[in-house]
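To keep things clear, I will list the structure first and then write my remarks on it.
The values are calculated or read from the model by the stated rules, or taken from the named source; none is laboratory data. These numbers were taken from a predicted model, which means no experiment stands behind them. Heads up, the Cβs are rebuilt from the backbone with ideal geometry, glycines too, and the neighbour counts pull from every protein chain shown. The area values use the complete protein model at the heavy-atom level, side chains included, leaving out ligands, DNA and RNA. Shrake-Rupley method; radii C 1.70, N 1.55, O 1.52, S 1.80 Å.
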Amino acid sequence: MKDILEPLMFPHNLMLYGLLLACLCYRKKGLWLLLAFYYLAGNSFVANQVRAWYGSYNAAYTLSADSNVVVLGCGGSDSALPACAKARLQQLSALMPHGGSVIITTRYCRPYVDYLLTMPGDFAINCFFGGDNTYKEFNSLAARPQLKPDYILTSDFHAWRVTQLTAHHGFSAKVVATSSQTFRRVNCGINCAVTVNLTNFDFYSKLMAEFASYSVFVLSRSWTDWYQPDNTL
């Protein structure tokens, strides 16, 4: 009973019921549209269906020891390795424990290389600064045809965009994604149909950021060069 009644009293659900009451009282089309948007964006059942669709870009692979794997950069500093980078390197070690060729495209190579060397596997590591965004990293890889990646490792919420860029550059590489809490399915019980969940709004905001980022690239790549790596790279 607690699991059924408690969510109904959360502020975001009280707002949902308030919007519904306003719609019934004032009968305005704008209010109904606002209610539909708020409900569909926050409803866990709907969001989980979108998660399942987006998850189709996160295929599982078994990496052979002679594979060339590109690990896209995930920020950090000269002395610190961010959690997303650790997750990618841990995933790499788990999928290819017997060694292989690893190419890392990040500004701060040392923390990545040092962390990877502490993990099981005898890796041949090549690290260089590919650029300060994913688009520059891909252009840097395209400028080095001798690398020929078999797999490209990224985070799961970048999987769709990285897949599009892989196809755009004509790479035959497969995209491997590490999991994050952002795309974890939300439990959907009896009250799922009459509640919203704030986690879903965070999910959609990150999803829309990915789509918007790639859309800007597609619309502007013919007349701008913001996605091209610096000449010094």
| field | Accessible-area value, residue 226, 1.4 Å probe, nucleic acids and ligands omitted, Å² | value | 90
| query | Which of the cysteines in the chain are isolated, no other cysteine C-beta under 4.7 Å? | reply | 23, 25
| message | Using the crude model of +1 on Lys and Arg Cβ and -1 on Asp and Glu Cβ, and no other charge, please compute the dipole size for region 1-135 relative to its Cα centre, in debye to 20. | response | 700
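Need one number: convex hull volume per residue for region 3-83, Cα atoms only, in Å³. Each step should come with its number before you reach the end.
Numbers: hull volume 18.5 nm³, N = 81.
Output value, Cα hull per residue: 229 Å³.
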| said: Quick check: from the Cα gyration tensor, does region 160-204 come out rounded (a/c under 1.5), prolate or oblate? | reply: prolate
| Taking Cα centroids, how far is region 52-102 from region 178-233 in Å? | 19
| field | Estimated distance in nm for a label pair at residue 125 and residue 148, the labels positioned 7 Å out from Cα along Cα-to-Cβ | value | 2.5
| remark: Charge dipole of the chain built from unit charges on the beta carbon (Lys, Arg +1; Asp, Glu -1), centred at mean Cα; most positive-end Cα among 189, 23, 83 is 23
| remark: The long-range amide H neighbours of residue 180, using H built 1.01 Å from N in the peptide plane and a cut-off of under 5 Å, are 156
| field | Over the chain: Rg over Rh, Cα atoms, Kirkwood Rh | value | 1.08
| task | Give the Cα extents of region 177-233 along the principal axes, in whole Å, largest first. | result | 57, 24, 14
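Is the shape of region 115-233 rounded, prolate or oblate, going by the alpha carbon gyration tensor and its root eigenvalues a ≥ b ≥ c, with a/c under 1.5 for rounded and a/b larger than b/c for prolate? Don't skip to the answer; put the middle values down first.
Working: a/c = 2.70, a/b = 1.50, b/c = 1.81.
Cα axes put region 115-233 in the oblate bin.
What is the dipole size for region 106-233, taken about its Cα centre, with +1 at each Lys and Arg Cβ and -1 at each Asp and Glu Cβ, in debye to the nearest 20? Kindly include the intermediate steps, with their values, before the conclusion.
Numbers: 11 positive and 10 negative charges, 35 e Å.
Once rounded to the nearest 20, the dipole reads 160 debye.
Which order do 180, 155, 205, 222 take by accessible area at a 1.4 Å probe, largest first? Show your work: numbers first, answer last.
Values: 180 35, 155 5, 205 65, 222 105 Å².
So the residues, ranked largest to smallest area, are 222, 205, 180, 155.
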| task | Find how much the distance from residue 223 to residue 21 grows on full extension, using 0.36 nm per residue of separation minus their present alpha carbon separation; answer in nm with one decimal. | result | 67.7 nm
| field | Å² of accessible area per residue within the chain, as computed with a 1.4 Å probe and no ligands counted | value | 54
| Spatially close lysines, pair count over the chain: Cα under 23 Å, gap of eight or more or interchain | 8
| request: For region 64-170, give the magnitude of the charge dipole about the Cα centre (Cβ charges: +1 Lys/Arg, -1 Asp/Glu; no others), in debye to the nearest 20. | output: 200
| request: Taking the dipole about the Cα centre of region 50-163, with the C-beta of Lys and Arg at +1 and of Asp and Glu at -1, give me whichever of 61, 133, 95 is farthest to the positive side. | output: 133
